[in-house]
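Here the structure comes first, spelled out in structure tokens, and everything after it is commentary.
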Amino acid sequence: MTGTAAIDMAPKWTEASAARVGVSRLMLTDFRNYETARIETDGHSVVLTGENGAGKTNILEALSFLSPGRGLRRAKLGEVVRSGEAPAPIGRCWAVAAKISGPEGDADVGTGLDPDSQGIERRIVRVDGQTERAQSVLCDYLSVIWLTPQMDGLFIDGPGARRRFLDRLVYAADAAHAGRVTAYETAMRERARLLADRGMGADPTWLDALEATMTEKGMAVAAARRDMVGRLAAFAVADSGPFPGAELALTGGPEAWLDEGPALEAEDRFRAALRDGRAVDAQDGRTRVGPHRTDLDVRHAAKGRVAAQCSTGEQKALLIGLVLAHARMQSAADGRRPILLLDEVVAHLDADRRQALFGLLDELDTQVWLTGTDAALFDGMSAETRFFTVADGSVVAS
């Protein structure tokens, strides 16, 4: 955990056995197409229905901002303001506020575009009215994982998309991971800029300092990813009904060095590789070794087939299975179930797979927010599920 406020102020709840955590109230202000919106859920799962373009995904995006990072669309902060302009018009800000219910009571959590950022877009976070220094404090109160239609190509897209997916899973268990990734990428960009500007004539002392940061933060990132994949693999390999099990591995990055010896030796190896690669990196304009090269290898466990070679339907089922496996893993690890945001996930599932998914979600006993155009697609959801209709910038209980 980083930031003085985060260190001095412990979260309202700590680990609890199989504790259900959920958003019991969500409020939006000047967010996307919403001037204002208020959704009361009592902590139950939610189904949002409405026509395409009505703003259902916007609500899921608002929820995704209750975790560190740029949200499920990876949008610039100014793009989220209701006018849609970027940078945001002076004086115009967006805000998301939520009452989060946990095993030891409620917490009021809010985030939004800082009105005092003086032209520099910056997100602020408040917990129970107190401004926090770091977004990572959000992980003390809520874990959020999402699936969107844009992720359907995860297994055939480039490795960057899979790294972001993996890092999002790590954030849910390790709030400090986001800061390590940012620090590593910042140092890597500075090193690349220095080499591009001055080549081998660059100040070696400054290069040593940047590479020391890359080594420390980069191997910490690699270790966290390796730990996540190792733990998740045990939950992912088994089928979840019609959602096939998956075999997981990391390739292309320095994670394998951690299997070959102590962490300090892996750091020395990485530092030496960066130093020896300066001339080539200066010529190519990129860093040829590091955790930014890591890829997540996913295979259909029963068929032993690389996910990218599976059918579109199998890829969708594999991805759903991974998210469910992560939810089970996190519940077993710290007893706090994550909130799942499933955007149009059921639209392309047949009736049997839909019912199987609803049954698995019931077993997880976690809060789920789902979207779709037809409420009939959600027949079979728990009787406690709250249904809302979304239209013209309004959200109305069905």
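The values are calculated or read from the model by the stated rules, or taken from the named source; none is laboratory data. Predicted, not measured: the structure shown is a model, and the values here were computed from it. All Cβ positions, glycine included, derive from the backbone under ideal geometry; neighbour counts span all protein chains shown.
Side notes on the structure shown:
- Residue-level check: of (1) part of a helix (DSSP H, G or I); (2) out of contact with any strand residue (DSSP E or B) (no Cβ under 6 Å at 6 or more places or on another chain), Leu166 misses just (2).
- Test: Leu318 is more than 30 Å from Trp206 (Cα to Cα) and surrounded by 22 or more Cβ atoms within 10 Å (Cβ to Cβ): yes
- Meets criteria (under 26 Å from Val47 (Cα atoms), part of a helix (DSSP H, G or I) and touching a residue at least 24 places away in the same chain (Cβ under 8 Å)) for Glu314: yes
- From the options Leu357, Leu324, Leu349, residue that is at pLDDT 95 or above and outside the structural domain of Arg299 (by TED's automatic domain parsing): Leu357
- Close pairs (9 angstrom Cβ cut-off, 6 or more residues apart or separate chains): over 17 Å from Asp227 (Cβ atoms) and in the same structural domain as Ala209 (by TED's automatic domain parsing) in region 255-273, at pLDDT below 95 and assigned to a helix (DSSP H, G or I) anywhere: Arg269/Glu260
- Scanning region 128-161 for residues that are over 27 Å from Thr373 (Cα atoms), buried (at least 20 other Cβ atoms within 10 Å of the Cβ) and not hydrophobic (A, V, I, L, M, F, W, C) gives Glu132, Gln135, Ser136, Asp140, Tyr141.
- Hits in region 247-278 (condition: within 21 Å of Phe165 (Cβ to Cβ) and either more than 29 Å from the chain's Cα centre (by Cα) or β-branched (Val, Ile, Thr) (or both)): Thr251
- Members of region 228-241 found to be modelled with pLDDT of 95 or more and either outside any helix (DSSP H, G or I) or under 17 Å from the mean Cα position of the chain (by Cα) (or both), listed by number: Met228, Val229, Leu232, Val237
- Counting only residues that are part of a loop (DSSP other than H, G, I, E, B) and not acidic (Asp, Glu), region 330-353 holds 5 of them.
- In summary, Phe155 fulfils each of the numbered conditions (1) assigned to a loop (DSSP other than H, G, I, E, B); (2) under 16 Å from Val221 (Cα atoms) with the single exception of condition (2).
- Residue among Val346, Val395, Val368, Val323 that alone is in contact with a Phe, Trp or Tyr (Cβ under 6 Å, 6 or more places away or on another chain) and either surrounded by fewer than 21 Cβ atoms within 10 Å (Cβ to Cβ) or closer than 21 Å to Thr148 by Cβ (or both): Val395
- Any chance Ala391 is farther than 22 Å from Ser64 by Cα and out of contact with any Cys (no Cβ under 9 Å at 6 or more places or on another chain): no
- Scanning region 119-152 for residues that are among the aliphatic types (A, V, I, L, M) and either in contact (Cβ under 8 Å) with a residue 40 or more places away in the chain or outside any strand (DSSP E or B) (or both) yields Ile120, Val127, Ala134, Val137, Leu138, Leu142, Val144, Ile145, Leu147, Met151.
- The criterion of at least 2 residues that are in contact with a Ser or Thr (Cβ under 6 Å, 6 or more places away or on another chain) and not hydroxyl-bearing (Ser, Thr, Tyr) is met, among strands (runs of 3 or more DSSP E) falling completely within region 354-397, by 368-372, 386-391.
- Counted residues, region 51-92 - those being at pLDDT 90 or above and on the phi > 0 side of the Ramachandran plot: 4
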